[in-house]
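> Starting off with a structure, shown below.
The values are calculated or read from the model by the stated rules, or taken from the named source; none is laboratory data. Bear in mind the structure is a predicted one, so any value in this text is a computation, not a measurement. Every residue, glycine as well, gets a Cβ built from its backbone with ideal geometry; the counts of neighbours run over all protein chains shown. These accessible areas exclude ligands, DNA and RNA; they are computed on the full protein's heavy atoms, side chains included. Shrake-Rupley method; radii C 1.70, N 1.55, O 1.52, S 1.80 Å.
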Amino acid sequence: MAIAVGDTIPAITVMTMGPDGPTPVDTGEVLGSGKVVLFAVPGAFTPTCSDYHLPSYVIRREELASKGVDTVACISVNDAFVMGAWGEAQNVGDGIVMLADGNGEFARAVGLEFDGSAFGLATRSQRYAMVIEDGVVTALEVEPGPGLTVSAADAVLALL
C-alpha cells in the first residue's frame, strides 16, 4: 500500500554525496523537520528527469522557499555517485538535496516502486512529489503515467 496524506515519512537509510564521498542519511531526519518537498524520479540522467523534472525545481527553488519550503529533496533509485554527478550537471548547488535510494528501499517503504525490468531498469521509483510537514505527508501527487504533469515544481507550487 502506498504512503498517503497523514502518514509519517519512514526512516530509511539512503545516501547522499558528501565532500568525502557517499554519506548515509536517515530519511526521517533529512525529511522530517520543517516543510519539505520531496520529488522522485525513475532515473538520473534520463530525458524527462534531466530535461524537465529536476530543472523545474532548480528554476523554482526560490519560489518554493517563499511559500515556506525549508528543504527540497530529489530521490531516485540510483547510487550516490550518479546522484552527485547528476546534481553537479544540473547545477543544483545547495538548493536541492540529492538522495540516492540505491537499493530501492525507500521506494518500497512508501509503496511507490515499479518494475522497470521490461526497459532494463529493474525496480525503480514512480515519479511523484510530496509535501511533508514535520515528518507527516500533507500532499502527494503521483504521476498517472509517462510524462510530467502533477509532480513538477509548478504543480507543487499550486498546492502550497
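> State all residues of the stretch 65-100 that are farther than 20 Å from D7 by Cα and among the charged types (D, E, K, R); if no residue qualifies, say none.
Matches in the stretch 65-100: K67, D79, E88, D94.
> Can you tell me which of (1) farther than 19 Å from P146 by Cβ; (2) open to solvent by less than 10 Å² (accessible area, probe 1.4 Å); (3) part of a loop (DSSP other than H, G, I, E, B) is the one D94 doesn't meet?
Result: D94 fails condition (2) only.
> What residue, among those in the stretch 115-160 that are assigned to a strand (DSSP E or B) and free of Cβ contacts under 8 Å to residues at least 24 places away in the same chain, is surrounded by the fewest Cβ atoms within 10 Å (Cβ to Cβ)?
It comes out as D115.
> Please work out which residue is surrounded by the most Cβ atoms within 10 Å (Cβ to Cβ), limiting yourself to the stretch 34-58 and to residues that are aromatic (F, W, Y) and outside any helix (DSSP H, G or I).
Checked the stretch 34-58; the qualifying residue surrounded by the most Cβ atoms within 10 Å (Cβ to Cβ) is F39.
> Out of A85, A80, A44, I need the residue that is among the hydrophobic types (A, V, I, L, M, F, W, C) and in contact with a Phe, Trp or Tyr (Cβ under 6 Å, 6 or more places away or on another chain). Which one?
A44
> If you don't mind, another one. Go through (1) under 13 Å from G87 (Cα atoms); (2) modelled with pLDDT of 95 or more for C49 and report which single condition fails.
Failing condition for C49: (2).
> Restricting attention to the stretch 1-33, which residues are open to solvent by less than 40 Å² (accessible area, probe 1.4 Å) and polar (S, T, N, Q)?
Selection gives T16, T27.
> Which of the residues belonging to the stretch 62-84 are assigned to a helix (DSSP H, G or I) and touching a residue at least 40 places away in the same chain (Cβ under 8 Å)?
Residues satisfying the conditions are E63, L64, A80, F81, M83, G84.
> Take the residues of the stretch 65-111 that are out of contact with any strand residue (DSSP E or B) (no Cβ under 7 Å at 6 or more places or on another chain) and of a type in the set (D, E, K, R): which is modelled with the lowest pLDDT?
So, considering only residues that are out of contact with any strand residue (DSSP E or B) (no Cβ under 7 Å at 6 or more places or on another chain) and of a type in the set (D, E, K, R), the one modelled with the lowest pLDDT is D94.
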